[in-house]
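The values are calculated or read from the model by the stated rules, or taken from the named source; none is laboratory data. Worth saying up front: this structure is predicted, and the values here are computed from it rather than measured. Every residue, glycine as well, gets a Cβ built from its backbone with ideal geometry; the counts of neighbours run over all protein chains shown.
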Amino acid sequence: MSDATKVAAAFELASEQYQALGVDVQAALQRLAEISISVHCWQGDDVAGFEGDAGSLGDGLAVTGNYPGRARTADELRGDLELAYSLIPGKHRLNLHAIYGEFNGPVDRDEIDVEHFQGWIDWTGDRGIKLDFNPSYFSHPKASDGFTLAHRDAGIRQFWIDHGIACRKIAAAMGAAQSNACVNNFWVPDGFKDTPASRKAPRERLAASLDAIFAEDLPRDQTLDAVECKLFGIGSESYVVGSHEFYMGYAISRDKVLCLDAGHFHPTEVISDKISSALMYVPELLLHVSRGVRWDSDHVVTYNDELQAIMQEIVRGDYLSRVHIGLDFFDASINRVAAWAIGTRNALKALLAALLEPTETLQQLERDGDLTARLALMEEQKTMPLGAVWDHYCESMGVPVGAEWLEKVRQYETAVTSRRSQESVAG
């Protein structure tokens, strides 16, 4: 029996088991095929970007590991992404940071323009990939003391305000070019290592700076402004200006998208529990799906309980049209393309598992007060043949089944990425 025949036979049996629970497998697969994950570019080069000697990473960020083959140019990064997308079922987005423009010479953050991202717009447009964007409030001399938009110096604040305004215009141009709104996410690392004397003043400055950035109304069908909170960072262990409460209030009062990052809360907190609460009051959510280990360490997404809970909340609450799912991890200790494939495939697998739940049955049991049956059915669901449906989906989408994708990554590493450490970059 061929591998394709085995996959088909397993899928047929799995479909029958799900059908017995009232689950339409084909409908679930159709919904999954319509969902696009925003794949983050910064996994491919350890958040270095293409500005040259703009500065060290820092500012609350750290990438560990020295696995060979980091992308050093936009063309190298695009080549790595081409392979990653070929290993992931479905059509997915690309999330760019502002430091990934193609700069022919020194260009400071307040001077970036659409022209510096035209190569990305053309590349994604040719492939039907939609773009998302992020201002980069880190790795810059004017962020060296840990403050940007909340800085006490009005001149430095204005520099970063101008950066934010420029990024909104770039995001709007991306959205117009792709006829689909570009989500533009604002994460600001500002904070203190030790206890502040005033928590109030920096937050007032941050709110005023954001208001100045968002003063111009841009078409929502071109760009959506998102704001991202954080509990603490390296060098801001005691106080982060943009806390969850700050941005929750800001998003509600300014009608912005709220971004929840899975690694930006206390280790005992989970964002899955926040989704339904936040969507009571904000129009849309952006999720940065990550995996913190003891702290906001941005490990590659694995198929763990919280990942499954996040996707269950989105599906059970019927929030797919109001939640933008993006990834945010960077691991330099393993093959970087493999990290993309592992994390994105896991996110999609968890989404599929959520779509294959007998959601209406579970919620009807809850409404009826039959909590015994609800728990029993939830537990039975855990051993349903998800893998057989996932393998069929991958095959139907023309991507490798099971761990077959790993061999393609190894071949690419031998032919391409392993040679980068021995080569110099021209220019």
(request) Take A166 and decide whether it is more than 27 Å from I325 (Cα to Cα), modelled with pLDDT of 95 or more and not charged (D, E, K, R). (result) no
(request) Could you tell me whether region 64-77 includes any residue that is at pLDDT 95 or above, within 16 Å of A172 (Cα to Cα) and among the small types (G, A, S)? (result) no
(request) Take the residues in region 372-412 that are of a type in the set (D, E, K, R) and either touching a helix residue (DSSP H, G or I) at 6+ places or on another chain (Cβ under 8 Å) or assigned to a loop (DSSP other than H, G, I, E, B) (or both), then tell me which one is farthest from E313 (Cα to Cα). (result) K408
(message) Only one of L218, L224 is of a type outside the set (S, T, N, Q) and in a strand (DSSP E or B). Can you tell me which?
(response) L224
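This table checks each residue for (1) touching an Asp or Glu at 6+ places or on another chain (Cβ under 9 Å); (2) touching a residue at least 40 places away in the same chain (Cβ under 8 Å).
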{"residue": "W123", "(1), (2)": "no, yes"}
{"residue": "D126", "(1), (2)": "no, no"}
{"residue": "F133", "(1), (2)": "no, yes"}
{"residue": "G146", "(1), (2)": "yes, yes"}
{"residue": "A150", "(1), (2)": "yes, yes"}
{"residue": "D162", "(1), (2)": "yes, yes"}
{"residue": "K169", "(1), (2)": "yes, yes"}
(request) Note down all Cβ pairs under 6 Å where the first residue falls in region 23-52 and is under 21 Å from V301 (Cα atoms) and touching a residue at least 60 places away in the same chain (Cβ under 8 Å), the second is among the charged types (D, E, K, R) and part of a helix (DSSP H, G or I), and they're at least six residues apart or on different chains. (result) Q43/R336; G44/D80; G44/R336
(request) Could you please find all residues in region 177-215 being over 25 Å from the mean Cα position of the chain (by Cα), in a helix (DSSP H, G or I) and under 30 Å from L94 (Cβ atoms)? (result) A212
(request) Considering each residue of region 12-22, count those that are in contact (Cβ under 8 Å) with a residue 24 or more places away in the chain and part of a helix (DSSP H, G or I), and give that number. (result) 5
(message) Going through D391, D370 one at a time, which residue ends up being at pLDDT 95 or above, closer than 19 Å to S36 by Cα, acidic (D, E) and surrounded by 13 or more Cβ atoms within 10 Å (Cβ to Cβ)?
(response) D391
(request) Working carefully through the options A176, A171, find the one that is buried (at least 19 other Cβ atoms within 10 Å of the Cβ) and of a type outside the set (D, E, K, R). (result) A171
(request) Identify the single condition in (1) crowded, with 19+ Cβ neighbours inside 10 Å; (2) assigned to a helix (DSSP H, G or I) that A150 does not satisfy, given that it satisfies every other one. (result) (2)
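Name the one entry in E366, E360 that is farther than 22 Å from T302 by Cα, part of a helix (DSSP H, G or I) and either in contact (Cβ under 8 Å) with a residue 40 or more places away in the chain or not charged (D, E, K, R) (or both).
Within the list E366, E360, the selection yields E360.
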(request) Among the residues of region 311-328, write down those that are surrounded by fewer than 24 Cβ atoms within 10 Å (Cβ to Cβ), part of a loop (DSSP other than H, G, I, E, B) and in contact (Cβ under 8 Å) with a residue 12 or more places away in the chain. (result) G317, Y319, L320, R322
(request) Note down all Cβ pairs under 6 Å where the first residue falls in region 105-117 and is in contact (Cβ under 8 Å) with a residue 40 or more places away in the chain, the second is among the aromatic types (F, W, Y) and part of a helix (DSSP H, G or I), and they're at least six residues apart or on different chains. (result) D110/F159
(request) Would you be able to say whether some residue in region 284-295 is crowded, with 18+ Cβ neighbours inside 10 Å, part of a helix (DSSP H, G or I), among the polar types (S, T, N, Q) and under 17 Å from the mean Cα position of the chain (by Cα)? (result) no
(request) Specify the residue that is surrounded by the fewest Cβ atoms within 10 Å (Cβ to Cβ); the eligible residues are those in region 69-88 that are among the small types (G, A, S) and in a loop (DSSP other than H, G, I, E, B). (result) G69
